[in-house]
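First up is the structure itself, then whatever we jot down about it.
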Amino acid sequence: MQDTQTAAGSELLRDLDDYFCKKFTDFDMIGAMPSYQSVTLSMILKNKNRIEDGEYAANEMRKISFQPEAAKVLAELKERYVDNTFTFSFRPGTLRERLAALFGRSASGRFIEKLIRSYGELPAPLWEKLGIAQKDWKAVLRGFYIPEKVLVYKLTLLLGLSQGDHAALMRVCGASADLADARDVVMRYLVDYRVYNRDMIAAAFKEYRLRPIV
């Protein structure tokens, strides 16, 4: 059983590495790695239409996946990456959002409560699992506070949201992914492939030297 789990974990990390190489867009950081090599546009386009595909390829050629020694570049990036992303768990709603909440018309609060129930959880006691104060969670459910991205991610991982539900939650909270942020790339991988096993989540975050979310 232990061998099976170890194999599954290794396969997950290999798959995540491949995904990360194709998605990560902090080109300044990628270009600063010792093993980085310049890649020409002609190497990327090959037999493609150079006019139609040129703009797309110009960005793609800067990604780790097109590096001759991609594994080395990725290993160096992992070693040097520092997770300095910080946001609060929530923000106060705008005046318009707070007025809507006051009259029971909060888009975010209603959506979050309905979403939680659809995954078989009770909204009210979820504050403890999310690691925020009960009074603040009540304000989130009422729509006076709007979740920031880190709280959206916590909800996604705790509930095991589908790709569509995660995207909808991001939209209603005004959040968006930044693929130049390693945490956002790892989170997108977990959501895209619905990897919600706690041990696998922990392994993915540890591999990229990210602060745990759950």
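The values are calculated or read from the model by the stated rules, or taken from the named source; none is laboratory data. In this text, all values refer to a predicted model and were calculated from it rather than measured experimentally. Cβ atoms come from the backbone with ideal geometry, glycine included; neighbour counts cover every protein chain shown. Calculation scope for accessible area: heavy atoms of the full protein, side chains included, ligands and nucleic acids excluded. Shrake-Rupley method; radii C 1.70, N 1.55, O 1.52, S 1.80 Å.
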(request) Enter the accessible area of Y119 (Å², nearest 10), with the probe set to 1.4 Å and all protein chains included. (result) 70
(message) Can you give me the distance in nm between label points at T85 and L102, each placed 7 Å from the Cα along the Cα-to-Cβ direction?
(response) 3.5
(request) For Cα Rg over 2.2 N^0.38 Å, several values are listed as [x] 1.26; [y] 1.19; [z] 0.95; flag the one computed from this structure. (result) [y]
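Of K114, K154, K129, which has the most accessible area with a 1.4 Å probe, and how do the rest follow in descending order?
K114, K129, K154
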(request) Might you report the magnitude of the Cβ-based charge dipole of the chain about its Cα centre, with Lys and Arg at +1 and Asp and Glu at -1, to the nearest 20 debye? (result) 920
(request) For K154, list the lysines whose Cα falls under 25 Å from its own Cα; do not include residues on the same chain fewer than 8 positions away. (result) K22, K23, K78, K114, K129, K135, K138, K206
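When N is the residue count of segment 52-165, what does its C-alpha Rg come to as a fraction of 2.2 N^0.38 Å?
Values: Rg = 19.9 Å, N = 114, 2.2 N^0.38 = 13.3 Å.
The value comes to 1.49.
Placing unit charges on C-beta atoms (Lys and Arg positive, Asp and Glu negative, everything else neutral), compute the dipole magnitude of segment 100-214 about its Cα centre in debye, rounded to 20.
280
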